[in-house]
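Novice: After the structure tokens below, expect a handful of questions from me.
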Amino acid sequence: MIQSSIGKIHKPLTEKENWLGGQVVDIAICIHKVMGPGLLESIYEKCFCYELEKRSISFKRQKPVTLRYDKLEITDGLRIDILVDELIVVELKAQEYYHPVWEAQLLSYMKLNVNRLGYILNFNVPLMREGIKRMVM
């Protein structure tokens, strides 16, 4: 058992989730080394998807997330930036300042889409390792 980033105890991630998580981090670092900070989020998203394709890792870009409230089903309000192999939620940012609401957003997407692992990747930092937030549910 491991303690997650939100304080709960859960089963360890699978070998595949760990491997894919390593790929997510490696891709982010590779892109940041070449492109640097200061570009639009959409540029980083295109580069990230290109790298996933090069590595033959399946993904969905701008995946809609269904939200239910009582009998109301909302299908057009939320989108995951990148869903890696149906297992990892990746939220991309290109902002000067980190905002804690990003964590709530990521956790909501993970809960609604039933994923255990997610990353916030903020590319507007001097070193990419400073822009990576990993969350486990």
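Novice: Got a number for residues in the stretch 88-106 being within 10 Å of the chain's Cα centre (by Cα) and either within 16 Å of Leu13 (Cβ to Cβ) or not charged (D, E, K, R) (or both)?
Specialist: 5
Novice: From the residues in the stretch 1-49 that are at pLDDT 95 or above, of a type in the set (A, V, I, L, M) and not in a helix (DSSP H, G or I), which one is surrounded by the fewest Cβ atoms within 10 Å (Cβ to Cβ)?
Specialist: Leu40
Novice: Could you please find all residues in the stretch 95-136 being surrounded by 14 or more Cβ atoms within 10 Å (Cβ to Cβ), over 15 Å from Lys33 (Cβ atoms), among the aliphatic types (A, V, I, L, M) and at pLDDT 95 or above?
Specialist: Leu106, Leu107, Met110, Leu117, Ile120, Met135, Val136
Novice: Only residues that are over 20 Å from Met135 (Cβ atoms) and touching a Ser or Thr at 6+ places or on another chain (Cβ under 9 Å): list them for the stretch 78-101, please.
Specialist: Narrowing the stretch 78-101 to residues over 20 Å from Met135 (Cβ atoms): 96.
Once the filter is applied, which keeps residues that are over 20 Å from Met135 (Cβ atoms) and touching a Ser or Thr at 6+ places or on another chain (Cβ under 9 Å), the stretch 78-101 yields nothing.
Novice: Does at least one position in the stretch 50-58 carry a residue that is buried (at least 16 other Cβ atoms within 10 Å of the Cβ), among the hydrophobic types (A, V, I, L, M, F, W, C) and in a helix (DSSP H, G or I)?
Specialist: Yes, the stretch 50-58 contains a residue that is buried (at least 16 other Cβ atoms within 10 Å of the Cβ), among the hydrophobic types (A, V, I, L, M, F, W, C) and in a helix (DSSP H, G or I).
Novice: Residue check: is Gly77 modelled with pLDDT of 95 or more and of a type in the set (Gly, Ala, Ser)? Write out each step before concluding.
Specialist: Values: modelled with pLDDT of 95 or more: no; of a type in the set (Gly, Ala, Ser): yes.
Criteria not met by Gly77.
Novice: Restricting to the stretch 59-76, name every residue that is free of Cβ contacts under 8 Å to residues at least 12 places away in the same chain, of a type outside the set (Asp, Glu) and not in a loop (DSSP other than H, G, I, E, B).
Specialist: Our first condition is that a residue be free of Cβ contacts under 8 Å to residues at least 12 places away in the same chain; within the stretch 59-76, this holds for 68-75.
Still in the list and also of a type outside the set (Asp, Glu): 68-69, 71-72, 74-75.
Listed by number, the residues that qualify are Arg68, Tyr69, Leu72, Ile74, Thr75.
Novice: I would also like to ask the following. Of all residues in the stretch 25-62, count the ones that are of a type in the set (Gly, Ala, Ser) and more than 13 Å from Asp81 (Cβ to Cβ).
Specialist: Narrowing the stretch 25-62 to residues of a type in the set (Gly, Ala, Ser): 28, 36, 38, 42, 56, 58.
Now restrict to residues that are more than 13 Å from Asp81 (Cβ to Cβ): 36, 38, 56, 58.
Qualifying residue count, the stretch 25-62: 4.
Novice: Look at Tyr109 and say whether it is over 12 Å from the mean Cα position of the chain (by Cα), over 17 Å from Ile31 (Cα atoms) and not hydrophobic (A, V, I, L, M, F, W, C).
Specialist: Working: over 12 Å from the mean Cα position of the chain (by Cα): no; over 17 Å from Ile31 (Cα atoms): yes; not hydrophobic (A, V, I, L, M, F, W, C): yes.
Against the criterion (over 12 Å from the mean Cα position of the chain (by Cα), over 17 Å from Ile31 (Cα atoms) and not hydrophobic (A, V, I, L, M, F, W, C)), Tyr109 does not qualify.
The values are calculated or read from the model by the stated rules, or taken from the named source; none is laboratory data. In this text the structure is predicted, and so the values were computed from the model without any measurement. Counting neighbours? That spans all protein chains shown, and the Cβs are built from the backbone with ideal geometry, glycine included.
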